[in-house]
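Asks: Sharing a structure below in structure tokens format, with a few things to ask.
Taken together, the values in this text are just the output of simple stated rules run on the coordinates, not laboratory data. These numbers were taken from a predicted model, which means no experiment stands behind them. For neighbour counting, all protein chains shown are included, and Cβ atoms are generated from backbone atoms with ideal geometry for every residue, glycine included.
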Amino acid sequence: MTAPQTPSTPEQTAPAEKERRQNTKVGVVISDKMEKTRTIAVQRSVRHPFYKKIIRRTSTFHAHDEKNLSKAGDTVKIVETRPLSKLKRWRLVEVLNKAKVTE
């Protein structure tokens with residue numbers, strides 16, 4: 001009888017669960033009227049299939065802001081998370097740029 005072979009590569013010794021890459025986006029807060037929830041607009045550029053012109057598309061996401069740090073106009077980074085409510089699937093990670101206060 002032979003001795004059982006031990007795995008020699010790190011991929012074989014790692015646990016079976018895979019580390020999932022988190023989906024992150026950068027956008028601008030367009031609404032801060034809800035408690036602990038922000039509406040974020042994320043813009044992306046796509047090429048029109050026929051005219052080949054670059055056009056901007058905007059998607060809106062509802063994100064959880066636990067400490068109410070962000071205000072309307074701030075540029076923020078959000079990360080995908082488990083469903084927190086009917087519409088909230090994103091969590092606010094950090095405020096990148098504060099909006100300028102106009103008086």
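Asks: For region 48-75, enumerate the residues that are more than 16 Å from LYS33 (Cβ to Cβ) and of a type outside the set (Ser, Thr, Tyr).
Replies: Residues satisfying the conditions are HIS48, PRO49, PHE50, LYS52, LYS53, ILE54, ILE55, ARG56, ARG57, GLU66, LYS67.
Asks: Could you run through region 44-70 and say how many residues are closer than 24 Å to ALA99 by Cβ and assigned to a loop (DSSP other than H, G, I, E, B)?
Replies: Of the residues in region 44-70, 6 are closer than 24 Å to ALA99 by Cβ and assigned to a loop (DSSP other than H, G, I, E, B).
Asks: Filter region 71-102 for residues that are among the hydroxyl-bearing types (Ser, Thr, Tyr) and either farther than 20 Å from ASN23 by Cα or part of a strand (DSSP E or B) (or both) and give the result.
Replies: Across region 71-102, the qualifying residues are THR75, THR102.
Asks: Could you look through region 32-74, keep only residues that are of a type in the set (A, V, I, L, M, F, W, C) and within 15 Å of the chain's Cα centre (by Cα), and pick out the one that is surrounded by the most Cβ atoms within 10 Å (Cβ to Cβ)?
Replies: My answer is ALA63.
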